[in-house]
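Quick notes on the structure that follows.
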Amino acid sequence: MKFSGFPVARRALMAAAVVGLLASQALVPARAGDAPRVKFATSAGDFVVEVYPDKAPKTVANFLQYVKDKHYDGTIFHRVINNFMIQGGGYDAKYAEKPTRAPVVHEGREALARGGPRNVIGTLAMARTNDPNSATAQFFINVRDNAFLDPSAQSYGYTVFGKVVSGMDVIDKIKATPTGPGGPFPSDVPRTPVLINSATLVK
């Protein structure tokens, strides 16, 4: 007597393998070349950042919505520390803080677990207060490797969600600008304002 279960079992295994393959393909992150890009036109020159929704989806969606809303247009880099980072996206040229939406949930540890970048030179991360879930619109760009900002078991760290892909010479120019007091800030404000004229989704 022939055992008819084997062909059925084999078909079932093949079907399961196909489903598994499709599922694994769905989990493969987008190639770097497919990542959204935003061009910042500043008074110091232009630079382009690439962001990774497959690593930090909520953070990227939040950032891109601010870009689409033109929130960053007319803001300044209000905190510049050479050999550390440059920070902007929250204040206009008169140091008035711009209104924001509700904070985005912190995704630092999740982003790292998904293979996201760390706080190294040229990467883009969200600025926040001591509350890890307080990030809104302000961001910073690392101008050195800042491993102490990375999330860990002991620290929430800062969510890295992108990197500069062109115009790093502009970032180097901004980081080297002379700073001092300005507006409500006692230090680290560029003496010659560095204005973000526009932030535009280019890809």
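The values are calculated or read from the model by the stated rules, or taken from the named source; none is laboratory data. Since this is a predicted model, take the numbers as computed values, not measurements. Methodologically, a virtual Cβ is constructed for each residue, glycine included, from the backbone with ideal geometry; neighbour enumeration extends over all protein chains shown.
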Hits in the stretch 180-192 (condition: within 25 Å of the chain's Cα centre (by Cα) and surrounded by 15 or more Cβ atoms within 10 Å (Cβ to Cβ)): Asp188, Val189, Pro190
Restricting the stretch 152-179 to residues that are among the basic types (Lys, Arg) and under 21 Å from Arg118 (Cβ atoms), the residue that is nearest to the chain's Cα centre (by Cα): Lys163
Criterion (out of contact with any strand residue (DSSP E or B) (no Cβ under 8 Å at 6 or more places or on another chain) and polar (S, T, N, Q)) met by exactly one of Asn133, Asn119: Asn133
Which residues, taken from the stretch 71-93, are at positive phi, surrounded by fewer than 21 Cβ atoms within 10 Å (Cβ to Cβ) and either part of a strand (DSSP E or B) or touching a strand residue (DSSP E or B) at 6+ places or on another chain (Cβ under 6 Å) (or both)? Gly74
Could you pull out the residue among Ala61, Ala137, Ala111, Ala125 that is part of a helix (DSSP H, G or I), hydrophobic (A, V, I, L, M, F, W, C) and either touching a Leu at 6+ places or on another chain (Cβ under 6 Å) or closer than 19 Å to Leu201 by Cα (or both)? Ala61
Where a residue in the stretch 187-203 is under 12 Å from Asp46 (Cβ atoms) and its partner, wherever it lies, is surrounded by 12 or more Cβ atoms within 10 Å (Cβ to Cβ) and of a type in the set (S, T, N, Q), with Cβ under 9 Å and at least six apart: Ile196/Thr42; Ile196/Ser43; Ile196/Thr75; Asn197/Thr42; Asn197/Ser43; Ser198/Thr42; Ala199/Thr75
So, Val49, is that one surrounded by fewer than 18 Cβ atoms within 10 Å (Cβ to Cβ) and of a type outside the set (Asp, Glu) or not? no
Reported set for the stretch 128-162 where residues are crowded, with 19+ Cβ neighbours inside 10 Å, within 12 Å of Val104 (Cα to Cα) and either touching a Lys or Arg at 6+ places or on another chain (Cβ under 8 Å) or not β-branched (Val, Ile, Thr) (or both) is Arg128, Pro132, Ala135, Thr136, Ala137, Gln138
I need the full set of residues from the stretch 94-120 which are of a type in the set (A, V, I, L, M, F, W, C) and surrounded by 15 or more Cβ atoms within 10 Å (Cβ to Cβ), in order please. Val104, Ala111, Leu112, Val120
Taking the conditions exactly as written (farther than 25 Å from Thr100 by Cβ, at pLDDT 95 or above and not aromatic (Phe, Trp, Tyr)), does Asp145 satisfy them or not? yes
Qualifying positions in the stretch 64-91 - closer than 25 Å to Glu110 by Cβ and in contact with a Leu (Cβ under 6 Å, 6 or more places away or on another chain): Val67
Ile171 is checked against (1) in a helix (DSSP H, G or I); (2) surrounded by fewer than 20 Cβ atoms within 10 Å (Cβ to Cβ) and fails just one. What number does that condition carry? (2)
